[in-house]
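The values are calculated or read from the model by the stated rules, or taken from the named source; none is laboratory data. Keep in mind that this is a model prediction, so the values were computed, not measured. Using ideal geometry, Cβ is built from the backbone for each residue, glycine included, and neighbour counts are taken over all protein chains shown. In case anyone asks, the SASA skips ligands and DNA or RNA and just uses the protein heavy atoms, side chains included. Shrake-Rupley method; radii C 1.70, N 1.55, O 1.52, S 1.80 Å.
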Amino acid sequence: MAAEDAGPEEQPEELDYRFTLANERTFLAWIRTALALLAGAVGLDQLTPDLAPVPVRVVLSVLLAAGGAGLGVAAYRRWVRVERAMRAGGPLPATRIMPVLTVCVALAAAVFSALIVGWSR
């Protein structure tokens with residue numbers, strides 16, 4: 001059966017463009033966060049030579065960069081899953097990345113605070 005001959009129950013319902021654009025804005029916000037993590041990694045490595053010993057700075061920079069890359073991939077996967085769920089008329093998928101990102105940022109803040117207070121003085 002041709003697509004134009006399909007009944008209303010077989011044709012995908014066109015979404016209100018506002019939902020698709022909202023999903024895209026969320027994706028872009030996640031990408032901005034990933035870019036901020038990458039910028040932090042570069043800044044930590046290149047602009048703070050007295051913050052910590054070189055191996056510590058390198059490990060922290062690599063962890064930040066890996067977190068940024070992982071968040072970029074997770075952002076795309078989430079965007080696709082939400083888009084598919086909206087088009088199918090199903091519930092929006094849950095994500096576990098929010099608590100993980102929150103804990104990682106809190107740990108990074110604690111480590112950097114300890115380095116700033118303890119090492120650089």
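When the Cα gyration tensor is reduced to axis lengths a ≥ b ≥ c, the ratio a/c is 1.5 or higher for the range 54-111, and with a/b not above b/c it is classed as oblate. For the chain, the ratio of Cα radius of gyration to the globular rule of thumb 2.2 N^0.38 Å stands at 1.54. Please report, as a whole percent, how much of the solvent-accessible surface of the range 13-121 comes from carbon and sulfur atoms (probe radius 1.4 Å). For the range 13-121, the apolar C and S fraction of the accessible surface comes to 70 percent. With point charges of +1 on the Cβ of Lys and Arg and -1 on the Cβ of Asp and Glu, referenced to the Cα centre of the chain, which listed residue (21, 35, 106) lies farthest in the positive direction of the dipole? Highest projection toward the positive end goes to 106. Of the residues 116, 60, 47, the one whose Cα sits farthest toward the positive end of the charge dipole of the chain, with +1 on the Cβ of Lys and Arg and -1 on the Cβ of Asp and Glu, is 116. Modelled spin labels at residue 107 and residue 69, positioned 7 Å past Cα toward Cβ, are 1.8 nm from each other.
Accessible surface for the chain, divided over its residues, is 71 Å² per residue with a 1.4 Å probe.
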